[in-house]
Structures are given as C-alpha cells and as structure tokens.
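All remarks here apply to the structure that follows.
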Amino acid sequence: MRETAATFEDHLAREIIHSERVRMAILAGLIGALIVFFGLLYALFRDEYQQIFNRPKALNHAGALFALLLCYELGIRHLIGRWLRQGRAVPNVLRYLNAFVETSVPSIVIFLVAREINPVYVLQSASSLLYAVFIVLSTLRLDFRLSVFTGVVAAVEYAALSYAYLGAGGSAAAGTPFELPPFYLGKAAMLLLAGFAAGFVAHQLKRRVGNAFRTMQERQRILDAFGQQVSPAIAEELLKSGTEIASRRAEVCVLFMDIREFTRLVGNWTPERIVALQNAVFAEGVEVVNRNRGIINQFLGDGFMATFGAPTSSGRDCANALAAARELVAGVRALGEAGRIPPIKVGIGLHAGQAVTGNIGSAQRQQYSITGDVVILASRIEQLNKEFGSQILASREVLEGAGEDIGAAQAIGTVKVKGREQPIELFRLA
C-alpha cells in the first residue's frame, strides 16, 4: 500500500509539473499576443498615445519588460522540461520564486508608466487587470498554497503602489475619491479573494486528478487480477463495490465445457485450422458466459472452466450457469449450421458448492483462482457426458440452486465419480 501511495504521489507530482509547463506555454502565448496587440494599438492610435505620454520611453520599457517575461517563461519551461526528462524534481522554492516574479510584472509596469502620466489612471487601467490573469493561470499549478501566494503578492503590491501614489495625502489623487483607502484597499482585497478562489479551484482539480488516477489504478488492479476473465459489467461492479481480491469461501457454480471427439477431429488438421476452430468456439463461450454474469477462469486446450458466483454474485448463479450451458450448446450448433465450424458437439458439466476463491501466485504474476471439491466434481461430471451420450449434465445441487423443477429433468441417478467416495445425483439436460 505504501509503495502504491508513493507511486501515486510521484506520478501526481510529475503531472503537476507537466501542468505547470502547460501554464507557462499559455502564459507565453498570451504575452506574445499582448505585445502584438499593443503594438498594433500604438500604430493605429499613435497621436492619441502622444497626447497621453510626453515621452514614449515608458511604453518602450513596458514592451521590453513583456518581451523579457516572454523569454523568461520559455526559458524556465525549457529548463523544467529538461529536468523532467532527467527524472529530477523541480525545487519547490523555484515554483514560489517563479510565481513572485510573474505576479510582480504588473507592478513593474504600473511603476514604469506612472512616471509618465497620472498614477490614478495607471492604477485603474488595464495594467492592474494583469494581476487577475496571473491569479487565474495559477490554478494550473494545482497547488492551493501557490495560488493563495499569487493572490497575496498581487494584493500586497497593488495596495503598496496605491498607498504610495494615492494614500497619505498623495497629490496624484488629491480631490478625488481614489485617495481614500476603501477604493484601493477594496481592490487589493478582491485580488486576495481571487487568490483564495483560484486556490480552491486548484485544490479541486488536484483532488479530481487524484481520484481519476486512483480509479485507473484500481481498474488496473482488477485487470491484473482477472486478466480477460471478467466481462466489462462485472469489472465495473468490482470497481464500484471495491471488492477485495483476498482469499475467501464462496458459494459458486462451476461449469466445465469440452469439445467432443476433439483429438480425432483435428488429427490431420493444420495448426492454423485447429486454432481457428478453438477461437470460434471459445469466442462463443466468452460471449455466453459474460452475458450470464460468469467468468472464464482458464482455457484447457479443447475446453474451458467457468465460474458463476465469484468474484461477485448475482444471487442467481446456478440459474445463470444453466442458462449459459443451454445457450452454449445452441450457439455451437448454430456455428456448425452456418458453416463456420464443422458440425461438432460439446460436453458440459455443472456442480455447485463451496469453493475457496482468491489470488494465487507471486508479486510478479498473480491469477484469480477457484479451488475446492466443487471444481473437481464439475470436471468429473463433464467427463461423464461421454458415458451417457449427453451434452449437459448437472448435479442436484445445481438444479436446486437454480430453482428448477427436478421432476422435469431427465434423472441419471446416483453416480460414483472418480475421487469421491459418496455418489452424486446427476440429471441430463441436453
């Protein structure tokens, strides 16, 4: 469990860094778009800008600052990408330093432009809205504290600049409401609140990413345990119920199927033709067993073993097993009638009882296994089809478990089976 948690944390940390690189790419694209946009604005409204600014030096400085930030973002993104390829962790202090540098850019722009025009206009201009852009993009860091830190930096720097230019009797806003603390402190408070809101969104995104990864991990655990033995419906049920794949006792119904006269039939066949026959019959078997909520535990050359009732039980396991047996006989007959396989018959044996279920193997390779007398007896019953010329033989336990009318079934009687002292009562169903 600790190893799984460590793997999850490592994976999530890498995903967060990938998200950080995405954020930097988005930010670099936005900065590039801003440079082009304001360049076009200046070209179209050059006279208006000259009326506002005595000298274009502040605009040039602001443009150079954005260009520098663009290079900085691309450089840091490249550096982090190289660290990821090398398997190195990104220092946490770098992430906070990067957040501080980015969020301070609007403050520097305000400082540069405020030297040329009335600071009141600058503090209420589009420059101050850049804080919000950095706060919103901080959610892609998937870190609550980093988003809050971004909001704190934006709020403190904006409040400090506003106080320096507008507060304490500053002449820039003399005679206007902007010199009053509620105006600029209220805006700073909103930036701080935005940081907390972004942090909450980041936390929710991180939690959902974590949940999605844990679900994927659980799904993989199920697939590792069962391989392709379970139907998608049962796999989903296992995921929802969180069923542990530990050894336990369970009431199950076991079905063994065998292709009759298989060795004689394929004696002169090519390997490709033999495999084609097996695949056709087994494909039908998989579909039938899945449809009736069973699992195929293993293929046995010319047959297979299926279990109904483990790892999950529908409460109608014996009935489902009988339905699967009848459908399988009909399905194989239909394959022969359609010319997809030679006309063949199958033998099916069913028995119900207690079994021990769970994973066996090592940490490197495990398999879901059903063991117990019920498995041995089901196999022995299947072999008796040759003796009685039948296709489906089931024990009394199966018919009683399915709630079928025993009187309507063709009774074989009590039969002594190999490996068991007590005889078992069998019924022929096909």
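The values are calculated or read from the model by the stated rules, or taken from the named source; none is laboratory data. Just so you know, these numbers come straight off a predicted model, no measurement behind them. Counting neighbours? That spans all protein chains shown, and the Cβs are built from the backbone with ideal geometry, glycine included.
Filtered by the rule that a residue be touching a residue at least 60 places away in the same chain (Cβ under 8 Å), outside any loop (DSSP other than H, G, I, E, B) and among the hydrophobic types (A, V, I, L, M, F, W, C), the range 335-352 gives V346, I348, L350, A352. Residues of the range 414-430 that are charged (D, E, K, R) and in contact (Cβ under 8 Å) with a residue 24 or more places away in the chain: K418, R420, E425, R428.
Looking at L70, L84, L94, just one residue is surrounded by fewer than 22 Cβ atoms within 10 Å (Cβ to Cβ), closer than 22 Å to G199 by Cα and assigned by TED's automatic domain parsing to the domain that holds P182, and that residue is L94. Would you check if there is a residue in the range 124-133 being under 28 Å from Y184 (Cα atoms), touching an Asp or Glu at 6+ places or on another chain (Cβ under 6 Å) and surrounded by 14 or more Cβ atoms within 10 Å (Cβ to Cβ)? No, the range 124-133 contains no residue that is under 28 Å from Y184 (Cα atoms), touching an Asp or Glu at 6+ places or on another chain (Cβ under 6 Å) and surrounded by 14 or more Cβ atoms within 10 Å (Cβ to Cβ). Against the list (1) surrounded by 19 or more Cβ atoms within 10 Å (Cβ to Cβ); (2) within 23 Å of V398 (Cα to Cα); (3) under 35 Å from the mean Cα position of the chain (by Cα), the condition E287 fails is (1).
So which of A319, A355 is assigned to a helix (DSSP H, G or I) and over 14 Å from D258 (Cβ atoms)? Spell out the reasoning first.
On the way: A355 fails: assigned to a helix (DSSP H, G or I).
Of the residues listed, the single one that is assigned to a helix (DSSP H, G or I) and over 14 Å from D258 (Cβ atoms) is A319.
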